[in-house]
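Structure, as structure tokens:
The values are calculated or read from the model by the stated rules, or taken from the named source; none is laboratory data. Quick caveat, the model's predicted, so the values are computed rather than measured. Using ideal geometry, Cβ is built from the backbone for each residue, glycine included, and neighbour counts are taken over all protein chains shown. Note: accessible area is taken over every heavy atom of the protein model, side chains too, but ligands, DNA and RNA are not part of it. Shrake-Rupley method; radii C 1.70, N 1.55, O 1.52, S 1.80 Å.
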Amino acid sequence: MQAVTLLGSTGSIGVSTLNVLAQHPEKYSVYALTANRSVDSLFEQCQQFNPAIAVMLDQASAEKLAIKLKNAGSETDVLAGEQALVDVAESEKTDYVMAAIVGAAGLLPTLAAARAGKHILLANKEALVMSGGLFMKEVEKNGATLLPVDSEHNAIWQCLPVGDQQQHHFHGKGVRRIILTASGGPFRDYDLVDLEDVTPEQAVAHPNWSMGQKISVDSATMMNKGLEVIEAHWLFGLPSDKIEVLLHRQSIIHSMVDYVDGSVLAQMGNPDMRTPIANALAWPNRIDSGVAPLDLAAVGRLDFAAADHGHFPCLALAYQALEAGGTSTAILNAANEVAVEAFLNKQIKFTQIAQIIEQVLAKITASNGDSLEQVLADDMQARELANTMINT
Ligand code: NAD
Ligand code: MG
């Protein structure tokens, strides 16, 4: 029996993870569930999964949850705040940590899981984008196991040489390059001029995947793919020129590995996050995920096209930040989080997201990113500058 902590259990990935865990009660127990402020969702999850601990970031929400659980006769303890997220991630009572908080807020608890040598199921790509070098060092130093949940990275993981996946360095293993597939999001067929007037409602309506709001906007700008290029760089130890992006509108091939002998291995499946979640949970074994079998005859065709950086400036900015190194990718991530939030609140236009990130990257001098303090300081500086630009 493996005990699991779910960071961000009420989100899209959190709910899919609980769906998989519920199919295997003999294999997994839930140690802790956490959320920001969704009291009712977390209450229902506690009723169903009976965790030892529930954490809410927000103090007032935690108090409400505690009262509801007490009245329902539950034995779950309720904690509040950032330190409590760290505590349940590093606790001796948990084996697996699903890192599914959205954005920079996921960094500290995910890092704590790495330091405690946990089996980490990584959905929170922002943790690697912000501080990939520091994060991977902690994983290696403390013997943590890092399993990618992001569908592209999980696909690559499955296509890498068996037994070598924990090496994090594939130059010498016959890998020529990896190819990340991208649906292109809801605006892939729009003319550039028409992007000026798209709304948050249109941006979050993804053609193939159902996801949280922030990552849905990131998919529309293709910053999501840019963040994934950076994530792949750290997970697999490959330089940016060995990581390619390919448009594939059906989202059936989740990514590919191209070997020097000309073999290209792809992982396919229906676009449902329960597949990579189940894969990361059970690795190196396999368990049922509840995902319907892939019906390629019904899919009919698979299309591919080059990703045009002119059409997707955020993708170009992410490559640029990765090549610049140090805290550039943390600055990119912070400016993006602020700009996406402002777009969702209708303070800026869709096309201004890329413009703000570009200007923030140009104005702030990145540091080498050797310490967490530096990363957090540059993240803060980027947020302040992006906010100032939005408000003036
Ligand atoms: P979501 O918005 O649906 O859920 C986010 C979760 O984090 C919720 O439980 C929320 O309560 C919690 N949360 C939000 N802000 C918090 C804070 N400040 N402190 C603590 N908890 C907080 O997001 P999602 O779509 O599930 O994505 C989660 C992560 O997984 C993101 O990093 C995303 O990039 C990644 N991811 C998601 C998908 C997907 O299909 N949804 C696919 C690949 C990767
Ligand atoms: Mg992905």
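Things worth noting here:
- Cα-only radius of gyration and Dmax that characterise the range 42-88, units Å: 9.8, 27
- Computed over the range 248-290, the convex hull of the alpha-carbon atoms projects to a mean area of 3.8 nm².
- Given 16 as the ceiling on other Cβ atoms within 10 Å, longest exposed-site-free region of the chain for GluC sites (Glu not before Pro) in DSSP loops: 93-392
- Projecting the Cα atoms of Asn50, Gly106, Gly81 onto the dipole axis of the range 49-109, where Lys and Arg carry +1 and Asp and Glu carry -1 at the beta carbon, places Asn50 farthest toward the positive end.
- Amide H contacts of Gln2: Tyr28, Ser29, each under 5 Å away and 5 or more positions distant or on a separate chain (H built 1.01 Å from N in the peptide plane; Pro and chain starts excluded).
- Expressed to the nearest 5 percent, the antiparallel share of DSSP beta bridges inside the chain is 30 percent.
- Apportionment of accessible area to carbon and sulfur, the chain, percent (1.4 Å): 49 percent
- The Rg/Rh ratio for the chain is 0.95, where Rg is the radius of gyration of the alpha carbons and Rh is the Kirkwood radius.
- 3J(HN,Hα) along the range 31-41, derived from phi through the Karplus expression 6.51 cos²θ - 1.76 cosθ + 1.60 where θ = phi - 60°, amounts to 7, 9, 10, 9, 8, 6, 8, 7, 4, 5, 5 Hz, with x in place of Gly and Pro.
- Distance (nanometres) between label positions extended 7 Å along Cα→Cβ at Arg176 and Glu44: 4.9 nm
- Sorting 48-56, 206-214, 326-334 by their mean Cβ neighbour count within 10 Å, with the most densely packed peptide first, gives 326-334, 48-56, 206-214.
- Average projected area [Cα convex hull, the range 2-148], square nanometres: 7.7 nm²
- Accessible surface for the chain, divided over its residues, is 42 Å² per residue with a 1.4 Å probe.
- Separation between Cα centres of the range 241-264 and the range 110-131, rounded to whole Å: 25 Å
- Relative packing of peptides 27-39, 153-165 - highest average C-beta neighbours within 10 Å first: 27-39, 153-165
- Result for the chain in a Gaussian network model with C-alpha springs under 10 Å: among Ser251, Ser131, Ser371, the largest mean-square fluctuation is at Ser371.
- Sparse-neighbourhood loop sites, trypsin sites (Lys or Arg not before Pro) in the range 60-119 - DSSP loop, at most 16 other Cβ within 10 angstrom: Lys93
- Result for the chain in a Gaussian network model with C-alpha springs under 10 Å: among Ile277, Ile215, Ile13, the largest mean-square fluctuation is at Ile215.
- At most 10 other Cβ within 10 Å, DSSP loop - trypsin sites (Lys or Arg not before Pro), the range 303-392: Lys346
- Estimated [θ] at 222 nm from DSSP helical runs (n ≥ 4, -39500 (n - 2.57)) normalised by residues in the chain, nearest 500: -14000 deg cm²/dmol
- Cα centre as origin, Lys/Arg/Asp/Glu Cβ charges: the range 2-148 dipole, Debye: 180 debye
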